[in-house]
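A.B. asks: Got a structure for you, questions after.
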Amino acid sequence: MAARKGRRRTCETGEPMEAESGDPDSKGSAQVYLPGRGPPLREGEELVMDEEAYVLYHRAQTGAPCLSFDIVRDHLGDNRTKLPLTLYLCAGTQAESAQNNRLMILRMHNLHGTKPPPSEGSDEEEEEDEEEEEERKPQLELAMVPHYGGINRVRVSWLGEEPVAAVWSEKGHVEMFALRRLLQVVDDPQALATFLRDEQARVKPIFSFAGHMGEGFALDWSSRVPGRLLTGDCHKNIHLWTPTDSGSWHIDQRPFVGHTSSVEDLQWSPTEDRVFASCSADASIRIWDIRAAPSKACMLTTTPAHDGDVNVISWSRREPFLLSGGDDGALKVWDLRQFKSGSPVATFKQHVAPVTSVEWHPQDSGVFAASGADNQITQWDLAVERDPEAGDTEADPGLADLPQQLLFVHQGETDLKELHWHPQCPGLLVSTALSGFTIFRTISV
């Protein structure tokens, strides 16, 4: 592996990256495996996780899979690195029948780091190891409320001291749910039992909007104006939600006009109150200013931004960069100071299927993560440069053509949908897939 400046680049990764032969007569050692690069797995080969590539790694399942989730900011402090960790998620299910869906709060705690391989020892040491293993088991509490219809997307915001979830339903409604009670009960086993027995069936949304006339996925809270929300649907319309003094919302019935196909994702500017970005199945990315009339609010357009649908975007909180991922599997970085040029400042092609989620690291300005329908999660660093003093002689030949900014490839999930960095636990990534939730931190970030 070629040496990289300032950060460790890892490709013996994840669940997983090494292929081992099941043939006892095979003399080949473990090899790095990357989908779409090099030969496919042969009969008798299996993928084996390289646990040394992870600082922390856990998995969880909730029954029906969750298409979307959000990390709930908590009061446990920022920049948390001391293990074990505790975190809170809000997620929505995609069950087979509409009436079996749930909106849920998950409390995951006692999340320890990965352990070094066990050493041979006495029976007494083995008993101590078993006791330690029991103490290190991760814990999960769930507070669920019924939701009619699958949940396409969930985003959480704190409105003062009140945590609220905005939920896009496959039934075409956008609903608001108060989360305070659910967050309280997952911290108290007795209160949780009472809630599940007596209260959960009675929980209803505090607000609902059916004006989209169809389902959608795009949804984003403003980080600068509490309660301000954008929602976009599969019929190319975007609506602005403005909070009212009574604790409700006013939704402008005039949609923002510009896209010619489904609005796939929305992102408020982290530095300007009235500016947002959108992407669409019409292959475009647009920048809007809500001070203008909705029919004239589109200020900048890049099209085609990708060769096909633009699925997801993320607006950096630290640099004037917009990150996009498309059906073409490409990841593109756009400098908003040069957006009129229509050319990205960087394009990366590691994924071999549509990109399903992208997000900038909340603290490290050059780092981002992406997930794809190829069941890869990739971590990238724009600041990584090739070390001219280190040759590529130690690199696996199959990795020689990888982008130098690619830090880490995580595999082993099925049908990846969404990922988020934890805003209070540096380097911690959470993803959701058909196979469940994965919580991990790599040695690279």
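The values are calculated or read from the model by the stated rules, or taken from the named source; none is laboratory data. Please read all numbers here as calculations on a predicted model, not as lab measurements. Glycine gets a Cβ as well: all are built from the backbone with ideal geometry, and neighbour counts include every protein chain shown. Surface accessibility is based on the protein's heavy atoms, side chains included, excluding ligands, DNA and RNA. Shrake-Rupley method; radii C 1.70, N 1.55, O 1.52, S 1.80 Å.
A.B. asks: Would you check which residues across segment 237-249 are farther than 14 Å from Ala277 by Cα and either open to solvent by less than 10 Å² (accessible area, probe 1.4 Å) or outside any strand (DSSP E or B) (or both) and list them?
C.D. replies: Residues satisfying the conditions are Trp241, Thr244, Asp245, Ser246, Gly247, Ser248.
A.B. asks: Output the residues belonging to segment 218-277 that are charged (D, E, K, R) and under 18 Å from Ala166 (Cα atoms).
C.D. replies: Filtering segment 218-277 for residues charged (D, E, K, R) gives 220, 224, 228, 233, 236, 245, 252, 254, 264-265, 272-274.
Result: Asp220, Arg224, Arg228, Asp233, Asp252, Glu264, Asp265.
A.B. asks: Where in segment 125-192 are the strands (runs of 3 or more DSSP E), entirely inside, with at least 2 residues that are under 28 Å from Lys417 (Cα atoms) and among the small types (Gly, Ala, Ser)?
C.D. replies: 162-169
A.B. asks: Right, next: Only residues in segment 205-232 that are outside any strand (DSSP E or B) count as the first member; pair them with residues that are acidic (Asp, Glu) and surrounded by fewer than 21 Cβ atoms within 10 Å (Cβ to Cβ), Cβ under 9 angstrom, at least 6 apart or cross-chain, and list the lot.
C.D. replies: Listed by first residue and then by second, the contacts come to Glu215/Glu170; Ser222/Asp273; Arg224/Glu272; Arg224/Asp273; Val225/Asp273; Arg228/Asp273.
A.B. asks: Hey, can you tell me all the residues within segment 284-300 that are among the aliphatic types (A, V, I, L, M), touching a residue at least 40 places away in the same chain (Cβ under 8 Å) and within 22 Å of Gln338 (Cβ to Cβ)?
C.D. replies: Of everything in segment 284-300, those that are among the aliphatic types (A, V, I, L, M), touching a residue at least 40 places away in the same chain (Cβ under 8 Å) and within 22 Å of Gln338 (Cβ to Cβ) turn out to be Ile285, Ile287, Ala297, Leu300.
A.B. asks: Looking only at residues that are farther than 28 Å from Ser365 by Cβ and aliphatic (A, V, I, L, M) in segment 284-310, which one is most open to solvent (accessible area, probe 1.4 Å)?
C.D. replies: Per the stated criteria, the residue is Ala293.
A.B. asks: Specify the residue that is modelled with the lowest pLDDT; the eligible residues are those in segment 358-381 that are under 26 Å from Met299 (Cβ atoms) and surrounded by fewer than 23 Cβ atoms within 10 Å (Cβ to Cβ). If you could, list the steps in order and put the result at the bottom.
C.D. replies: Going through segment 358-381, the residues under 26 Å from Met299 (Cβ atoms) turn out to be 358-360, 365, 368.
Within this subset, residues satisfying the condition of being surrounded by fewer than 23 Cβ atoms within 10 Å (Cβ to Cβ) are 359, 365.
Numbers: Glu359: 98, Ser365: 92.
Looking at residues that are under 26 Å from Met299 (Cβ atoms) and surrounded by fewer than 23 Cβ atoms within 10 Å (Cβ to Cβ), I get Ser365.
A.B. asks: In segment 322-357, which residue that is open to solvent by 30 Å² or more (accessible area, probe 1.4 Å) and not in a loop (DSSP other than H, G, I, E, B) is nearest to His306 (Cα to Cα)?
C.D. replies: Only one residue tops the list, namely Lys332.
A.B. asks: Only residues that are touching an Asp or Glu at 6+ places or on another chain (Cβ under 7 Å) and open to solvent by less than 10 Å² (accessible area, probe 1.4 Å): list them for segment 422-445, please.
C.D. replies: Correct list: Gln424, Ser431, Thr432, Ala433, Thr438.
A.B. asks: Go through (1) surrounded by fewer than 19 Cβ atoms within 10 Å (Cβ to Cβ); (2) in a strand (DSSP E or B); (3) out of contact with any His (no Cβ under 6 Å at 6 or more places or on another chain) one by one and return the number of the condition Glu272 breaks.
C.D. replies: Only one criterion in (1) surrounded by fewer than 19 Cβ atoms within 10 Å (Cβ to Cβ); (2) in a strand (DSSP E or B); (3) out of contact with any His (no Cβ under 6 Å at 6 or more places or on another chain) is unmet by Glu272, namely (2).
A.B. asks: I need every pair where a residue in segment 87-109 that is closer than 14 Å to Val164 by Cα has its Cβ under 6 Å from the Cβ of a residue that is acidic (Asp, Glu) and in a strand (DSSP E or B), sequence separation at least 6 or different chains.
C.D. replies: Partner pairs satisfying both residue conditions: Cys90/Asp70.
A.B. asks: Right, another one. Let me confirm something: among Asp252, Asp233, which residue is surrounded by 20 or more Cβ atoms within 10 Å (Cβ to Cβ) and of a type in the set (Asp, Glu)? First the steps, then the outcome.
C.D. replies: On the way: Asp252 fails: surrounded by 20 or more Cβ atoms within 10 Å (Cβ to Cβ).
Sole residue among the options that is surrounded by 20 or more Cβ atoms within 10 Å (Cβ to Cβ) and of a type in the set (Asp, Glu): Asp233.
A.B. asks: Is segment 164-172 home to any residue that is charged (D, E, K, R), closer than 30 Å to Val263 by Cβ and buried (at least 20 other Cβ atoms within 10 Å of the Cβ)?
C.D. replies: Within segment 164-172 (the criterion being charged (D, E, K, R), closer than 30 Å to Val263 by Cβ and buried (at least 20 other Cβ atoms within 10 Å of the Cβ)), the answer is no, since none of the residues qualifies.
A.B. asks: Moving on to the next point. Right, Ile71: within 22 Å of Tyr54 (Cβ to Cβ), open to solvent by less than 20 Å² (accessible area, probe 1.4 Å) and among the β-branched types (Val, Ile, Thr) or not?
C.D. replies: Considered against the rule, which asks whether it is within 22 Å of Tyr54 (Cβ to Cβ), open to solvent by less than 20 Å² (accessible area, probe 1.4 Å) and among the β-branched types (Val, Ile, Thr), Ile71 comes out as yes.
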